[in-house]
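What follows is a short report on a single structure.
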Amino acid sequence: MQRDFSFLTIYDIRKYARAKSQEPRAKSQEPRAKSQENYDAPLNFVKPPHLLVTIPTYNEAENIELFVKTVFEYIPSNAEILVIDDNSPDGTAKIVEHLIPGYQKRLHILNRPEKQGLAKAYLTAFEWGMDRPYDVFLEMDADFSHRPEYIPEMLKEITAFDVVIGSRNIKGGGVEGWSAIRNMISKGGSIYSRMVLGCPIKDLTGGFNMWRKTTLEKIGLQNIISRGYSFQVEMKYRSFAAGCSIKEIPIVFPDRKLGKSKMSKKIFLEALVNIWKIKTAVGKDSGIDQFIKFAITGGLGTITNLLIFFICADKLLFPEIPVSIGCFLIAGTQNYIINHKWSFAGNTAHEKLSAKKWILFMGSSLFGLAVNIAVMMVVIARFAFPYKFIAQACGIAAGMIINFALSKLFVWRKKDHE
Ligand SMILES: Nc1nc2c(ncn2[C@@H]2O[C@H](COP(=O)(O)OP(=O)(O)O)[C@@H](O)[C@H]2O)c(=O)[nH]1
Ligand SMILES: [Mg+2]
């Protein structure tokens with residue numbers, strides 16, 4: 001049975017794109033605002049997008065034949081399927097190889113020597129597909145949790161959006177056959193990832209996603225650091241950070257009926273930690289995130305400064321002025337290291353600490369100190385506060401803002417190419 005894909009004529013695609021561009025933008029599609037130029041992109045599809053369905057498999061012998069057959073029923077006649085098998089002991093690859101002659105060059109398989117994880121499987125598949133004339137890539141599990149019935153709707157949406165996500169966490173979507181605990185862990189993982197990343201996508205962890213080739217190029221597959229289940233989160237977060245337009249469509253996700261899940265507690269916990277690595281690698285901290293980290297770093301520096309001052313000046317009775325200068329240098333160096341490794345980690349692209357940057361940062365801190373003193377003096381002279389420390393607090397705030405601005409602009413300036 002072949003579905004009707006007449007909606008993919010040029011006329012319909014244009015009409016559809018126009019209608020889409022007039023729709024009010026939903027909150028979850030906010031990234032669209034950054035990429036207005038993408039509105040015209042649908043018109044690039046002068047014929048139905050050439051789709052490649054990528055299916056990673058590990059021990060899916062019980063599912064794969066029927067799954068491939070069903071997917072072919074729901075995809076356009078020019079679309080193709082690529083299975084990426086990691087030498088499944090149950091002989092999944094053999095079954096696919098057996099089916100290949102029946103599908104006239106529309107079914108392909110990549111055999112890999114050993115189990116290397118989902119991320120590598122997809123990256124290999126995309127790499128394979130990027131060298132060929134496909135416009136659109138779809139990720140699907142082989143176990144029927146990703147129902148092929150949704151493909152036509154996803155194909156329709158991909159004519160207007162850079163990414164289409166099959167979402168369990170929006171109205172109309174959900175899971176079937178999951179225990180309450182599994183549901184809670186999955187939802188919790190999604191909310192956690194969203195909060196850590198500050199990313200509005202509702203289903204960050206799901207693996208039923210469609211990408212335009214141009215989106216994969218924008219993400220830069222060579223930048224992906226995930227090797228495990230956080231791969232899906234990273235792909236989506238990177239497309240969000242790159243300003244791609246994103247559409248979530250509701251999907252119902254039934255649990256697999258045959259075969260075993262490869263998800264484990266260890267893999268899940270690993271993914272939770274990886275979210276932080278992804279955040280740092282993409283470097284999408286907002287200015288406010290950076291400022292909060294910078295302020296915390298400054299607070300830690302002040303504690304170090306006072307502690308050393310107390311030991312050297314109060315306990316060891318060294319003269320205050322040299323002690324104070326020493327404290328400034330030590331606390332400043334501590335601030336430099338923490339800011340480099342944490343507050344501005346996203347800007348540094350894993351650069352090493354350097355003497356040049358240290359000097360720049362200490363200079364900017366000195367300038368901040370000068371502003372601090374100047375503001376404090378002005379406030380004392382102009383306002384009749386009962387306590388001078390209020391004036392000093394104003395000075396500290398002003399000095400810190402100046403120091404932050406100088407650090408962001410000159411010490412840890414973000415590279416243009418990032
Ligand atoms: N090639 C390959 N496929 C994998 C690997 N791990 C899982 N898969 C496949 O990825 C899809 C999702 O895995 P599954 O075990 O269903 O994960 P779950 O849905 O989170 O329980 C299925 O099609 C698996 O066969 C792997 O290491 N290599
Ligand atoms: Mg599954």
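The values are calculated or read from the model by the stated rules, or taken from the named source; none is laboratory data. What you see is a predicted model; the values in this text were computed from it and never measured. Cβ: placed from backbone, ideal geometry, glycine included. Neighbour counts: every protein chain shown.
Key figures
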read-out: Condition met for residue 127 (out of contact with any Gly (no Cβ under 6 Å at 6 or more places or on another chain), assigned to a helix (DSSP H, G or I), touching a residue at least 40 places away in the same chain (Cβ under 8 Å) and on the phi < 0 side of the Ramachandran plot); value: yes
read-out: Among the residues listed as 172, 177, 129, 102, the single one being more than 16 Å from ligand 2 (Cβ to nearest atom) and touching a Pro at 6+ places or on another chain (Cβ under 7 Å); value: 172
read-out: Qualifying residue in segment 150-162 (condition: assigned by TED's automatic domain parsing to the domain that holds residue 221, among the aliphatic types (A, V, I, L, M), more than 23 Å from residue 105 (Cα to Cα) and crowded, with 24+ Cβ neighbours inside 10 Å); value: yes
read-out: Test for residue 62: is it surrounded by fewer than 19 Cβ atoms within 10 Å (Cβ to Cβ) and either farther than 29 Å from residue 173 by Cβ or within 16 Å of ligand 2 (Cβ to nearest atom) (or both); value: yes
read-out: Filter result for residue 278 (outside the structural domain of residue 367 (by TED's automatic domain parsing) and assigned to a helix (DSSP H, G or I)); value: yes
read-out: Matching entry among 261, 239 (being of a type outside the set (A, V, I, L, M, F, W, C), within 16 Å of ligand 1 (Cβ to nearest atom) and in the same structural domain as residue 183 (by TED's automatic domain parsing)); value: 261
read-out: Selection status of residue 270, within 16 Å of ligand 1 (Cβ to nearest atom) and either surrounded by fewer than 19 Cβ atoms within 10 Å (Cβ to Cβ) or assigned by TED's automatic domain parsing to the domain that holds residue 176 (or both); value: yes
read-out: Subset tally (residues that are part of a helix (DSSP H, G or I), hydrophobic (A, V, I, L, M, F, W, C) and more than 16 Å from ligand 2 (Cβ to nearest atom)) for segment 69-99; value: 5
read-out: Residue that is modelled with the highest pLDDT [pool: residues in segment 226-256 that are within 24 Å of residue 57 (Cβ to Cβ) and part of a loop (DSSP other than H, G, I, E, B)]; value: 251
read-out: Set 122, 134: member being among the hydroxyl-bearing types (Ser, Thr, Tyr), within 16 Å of ligand 2 (Cβ to nearest atom) and under 23 Å from residue 236 (Cβ atoms); value: 122
read-out: Check on residue 196, of a type in the set (A, V, I, L, M), surrounded by fewer than 23 Cβ atoms within 10 Å (Cβ to Cβ) and within 16 Å of ligand 2 (Cβ to nearest atom); value: no
read-out: Residue tally, condition of a type in the set (S, T, N, Q) and in contact with a strand residue (DSSP E or B) (Cβ under 8 Å, 6 or more places away or on another chain), over segment 202-232; value: 3
read-out: Unique residue being assigned to a loop (DSSP other than H, G, I, E, B) and at negative phi when the list is 293, 262; value: 262
read-out: Qualifying position, being farther than 22 Å from residue 215 by Cβ and acidic (Asp, Glu), among 114, 157, 153, 139; value: 114
read-out: Subset of segment 161-207 (residues that are small (Gly, Ala, Ser), part of a helix (DSSP H, G or I), more than 20 Å from residue 243 (Cα to Cα) and under 15 Å from the mean Cα position of the chain (by Cα)); value: 189, 190
read-out: Answer residue from segment 136-160, given it is among the hydrophobic types (A, V, I, L, M, F, W, C) and not in a helix (DSSP H, G or I) and is farthest from ligand 1 (Cβ to nearest atom) among those; value: 160
read-out: Breaking point among (1) of a type in the set (Gly, Ala, Ser); (2) at pLDDT 95 or above; (3) within 14 Å of ligand 1 (Cβ to nearest atom), for residue 117; value: (2)
read-out: Matching entry among 371, 411, 378 (being modelled with pLDDT of 95 or more and surrounded by 13 or more Cβ atoms within 10 Å (Cβ to Cβ)); value: 371
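Residues are listed down the side, and each one gets a yes or a no for (1) surrounded by 17 or more Cβ atoms within 10 Å (Cβ to Cβ); (2) under 19 Å from residue 342 (Cβ atoms); (3) not polar (S, T, N, Q):
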{"residue": "260", "(1), (2), (3)": "no, no, yes"}
{"residue": "290", "(1), (2), (3)": "yes, yes, no"}
{"residue": "298", "(1), (2), (3)": "yes, yes, yes"}
{"residue": "310", "(1), (2), (3)": "no, no, yes"}
{"residue": "317", "(1), (2), (3)": "no, no, yes"}
